[in-house]
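Report on the structure given below.
The values are calculated or read from the model by the stated rules, or taken from the named source; none is laboratory data. Worth saying up front: this structure is predicted, and the values here are computed from it rather than measured. Reconstructed Cβ throughout: ideal geometry from the backbone, glycine too, with neighbour counts over all protein chains shown.
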Amino acid sequence: MEQRVAVVIVAGGSGRRMGDALPKQFAIVGGEPVLVRTINTFARALCGAKIVVVLPASQMEYWHNLAARFRVARHSVVEGGVERFHSVRAGVESLTEGCDLIAVQDGVRPLVSEELIVRTVECAAQHGAAVPVVLPVDSFRQVAEESGESCIVNRSQLRVVQTPQIFAADILRAAYDVEYSPEFTDDASVVERAGFKVALCEGDRRNIKITTPEDLYIAEALLEARRDEEQMR
Ligand code: C5P
């Protein structure tokens, strides 16, 4: 059965780690703002899906003016909150039309592919909650806060979590009906705390989260490689 999917794209962060005044969701990659690229990829992958973008109140006007200069798929805008948790909740609460699944996407992951979106939708339709993951490539050490002593972590048991994280609408709404806790670093952690199981599907190493200035160079290079691949097809 065809699933009705709604999309919440969170871009409510202030982008402090980027080290400059322009929040990372508005930085230009491949000739387009990060957020424009993210919105348009979802619109292409999920034709007709309702898309809500969550922004800080202070950035609404800037976004309005920026979006007017690019081709951006139809979307609505709502005001975010203090933490990502509050921004997601505001986006979910604004979805009044019926939908079967809700996809939550970091606005700062503009390289998300249509294939990854569709794959995660299919996994969520089957399991009720789906999260894309990739294998870590670095080694990890766990450091004791007080002594500073460290020990190796078994990398084979770790996965790096990405977005979109996609859930049955009733599961996500029920899970977000709680008080904020600092453990909630993503949506899967909120859904799991509410007692639901989360299925993992294959992520994509190119689906990077633009967090620091270096990430913009990596994103440019990945986009160029993608364009070359498309031309060869
Ligand atoms: O801060 P972090 O890297 O976890 O941000 C992930 C995503 O959550 C970003 O797209 C950011 O804009 C968004 N976010 C938000 N509201 C906040 C904090 C972060 O929508 N208060």
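Brief remarks follow.
- Candidates 72, 34, filtered to the one that is within 13 Å of the ligand (Cβ to nearest atom), closer than 15 Å to residue 110 by Cβ, touching a helix residue (DSSP H, G or I) at 6+ places or on another chain (Cβ under 9 Å) and touching a residue at least 24 places away in the same chain (Cβ under 8 Å): 34
- Hey, residue 133 part of a loop (DSSP other than H, G, I, E, B) and closer than 27 Å to residue 179 by Cα or not: no
- Of the residues 186, 177, 170, 228, the single one that is among the acidic types (Asp, Glu) and surrounded by 15 or more Cβ atoms within 10 Å (Cβ to Cβ) is 186.
- When residues of the stretch 80-101 are limited to those that are over 17 Å from the mean Cα position of the chain (by Cα) and of a type in the set (D, E, K, R), the one nearest to the ligand (Cβ to nearest atom): 93
- Residues of the stretch 5-31 that are within 8 Å of the ligand (Cβ to nearest atom), modelled with pLDDT under 90 and not in a loop (DSSP other than H, G, I, E, B): 17 alone.
- Residue 181 over 30 Å from residue 44 (Cβ atoms) and either within 13 Å of the ligand (Cβ to nearest atom) or assigned to a helix (DSSP H, G or I) (or both): no
- So residue 108, is it more than 21 Å from residue 3 (Cβ to Cβ), part of a strand (DSSP E or B) and either of a type in the set (D, E, K, R) or within 14 Å of the ligand (Cβ to nearest atom) (or both): no
- Entry remark, the stretch 118-128: residues being hydrophobic (A, V, I, L, M, F, W, C) and crowded, with 23+ Cβ neighbours inside 10 Å number 1 in total.
- Where a residue in the stretch 176-188 is farther than 16 Å from residue 163 by Cβ and its partner, wherever it lies, is in a loop (DSSP other than H, G, I, E, B) and not aliphatic (A, V, I, L, M), with Cβ under 9 Å and at least six apart: 178/184; 180/81; 180/83; 182/83
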